[in-house]
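> Handing you this structure, nothing more for now.
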Amino acid sequence: SHVYAIGDVARFMNRRHPDPIRLEHWTSATDQALIVAHNIAHPDDLRSYDPTEYVWSDQYDVKIQSVGRFDADCTMEIAHGSIDDRKFVALFGEGDRLVASVSGTAPAVLAETVGVLALNALPIT
């Protein structure tokens with residue numbers, strides 16, 4: 001009960017997923033560190049780490065951003081732009097739920113899905 005882990009090695013429960021997950025990005029490690037520091041300093045006021053997954057990477061002239069979590073069983077729909085043009089937003093769904101969004105150099109359009117993904121509540125249809 002007095003062991004803490006952050007970063008790539010840390011697995012944690014998340015309300016949107018049935019199994020423990022990892023988020024392997026430096027922004028996650030930074031956010032986890034804030035929670036761990038608070039919990040060490042305030043053991044009577046524990047906080048949980050329950051983020052909406054987010055990662056980004058600059059690949060030459062394309063900024064790739066991903067919000068949420070998807071796998072091979074998800075459906076994908078290009079909601080904005082074109083992958084060939086390297087400016088797009090792709091939506092990923094499980095059943096009638098939006099579970100992730102990936103953007104190539106379209107951060108403003110991607111931002112529109114962030115609140116929805118936090119709630120995991122938007123029907124795709």
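> Within the chain, which is the longest segment containing none of the chymotrypsin sites (Phe, Trp or Tyr not before Pro) that sit in a DSSP loop and have at most 15 other Cβ atoms within 10 Å? Each step should come with its number before you reach the end.
On the way: sites that count: 4, 60.
Free of exposed loop sites, the longest segment is 61-125.
> Next question, about the same structure. Net charge near residue 22: determine it from the other residues with C-beta under 12 Å of the C-beta of residue 22, scoring Lys and Arg +1 and Asp and Glu -1.
Working: positive: 11, 69; negative: 8, 19, 24, 53.
Residues near residue 22 contribute -2 overall.
> Further, regarding this structure: Applying a 10 Å radius around every beta-carbon, put 31-39, 72-80 in order of their mean neighbour count, most first. Show your work: numbers first, answer last.
On the way: 31-39: 14.9, 72-80: 12.1.
Sorting 31-39, 72-80 by mean packing, highest first, produces 31-39, 72-80.
> I would also like to ask the following. On the principal axes of its Cα set, how long, how wide and how thick is the chain? Give whole Å, largest value first.
The Cα atoms of the chain stretch 50, 34, 23 Å along their principal axes.
> Let me ask another. In nm, what is the difference between 0.36 nm times the number of residues separating residue 33 and residue 73 and their Cα-Cα distance? Could you put the intermediate results ahead of the total?
Details: separation 40, 0.36 × 40 = 14.40 nm, distance 3.22 nm.
Gain on extension, residue 33 to residue 73, equals 11.2 nm.
> If you fit an axis through the alpha-carbon atoms of helix 26-41 and take the longest principal axis of the Cα set of the chain, what angle between them do you get, 0 to 90°, nearest 10?
Once rounded, one gets 20 degrees.
> Work out from phi, with θ = phi - 60° and the Karplus expression 6.51 cos²θ - 1.76 cosθ + 1.60, the ³J(HN,Hα) of each residue of region 6-15, listed in order in whole Hz, and give x for Gly and Pro.
With the stated coefficients, region 6-15 comes to 9, x, 4, 7, 7, 10, 8, 7, 9, 4 Hz.
> Can you tell me the orientation of helix 107-119 relative to the chain, as the angle in degrees between its alpha-carbon axis and the longest Cα principal axis, to the nearest 10?
50 degrees
> In addition: Could you go through region 51-63 in sequence order and give the Karplus-derived ³J(HN,Hα) for each residue, using 6.51 cos²θ - 1.76 cosθ + 1.60 with θ = phi - 60°, rounded to whole Hz, and x for Gly and Pro?
Ordered by residue, 3J(HN,Hα) equals x, 7, 4, 8, 9, 8, 7, 8, 10, 6, 9, 10, 9 Hz.
> Right, here's the next one. Got a number for carbon plus sulfur as a percent of the chain's accessible area, 1.4 Å probe?
Numbers: 4560 of 8100 Å².
Roughly 56 percent of what the probe reaches on the chain is carbon or sulfur.
> Here's a follow-up. On average, how much accessible surface per residue is there in region 1-72, in Å², for a 1.4 Å probe, leaving out ligands, DNA and RNA? Mind dumping the intermediate values first?
Details: 5070 Å² over 72 residues.
Value returned for region 1-72: 70 Å² of accessible area per residue.
> So what is the 222 nm mean residue ellipticity for the chain from helices alone, if each DSSP H run of at least 4 adds -39500 (n - 2.57) and you divide by all residues, rounding to the nearest 500 deg cm²/dmol?
Details: 2 runs with 29 residues, N = 125.
After summing the helix terms and dividing by the residues of the chain, the value is -7500 deg cm²/dmol.
> Something else about it: Using 0.36 nm per residue of separation minus the Cα-Cα distance, give me the extension gain between residue 9 and residue 87 in nm, one decimal.
On the way: separation 78, 0.36 × 78 = 28.08 nm, distance 3.25 nm.
Result for the pair: 24.8 nm of gain on full extension.
The values are calculated or read from the model by the stated rules, or taken from the named source; none is laboratory data. Keep in mind it's a predicted model, so treat the numbers as computed, not measured. When we count neighbours, we look across all protein chains shown, and the Cβ atoms used for this are built from the backbone with ideal geometry, even at glycine. Surface accessibility is based on the protein's heavy atoms, side chains included, excluding ligands, DNA and RNA. Shrake-Rupley method; radii C 1.70, N 1.55, O 1.52, S 1.80 Å.
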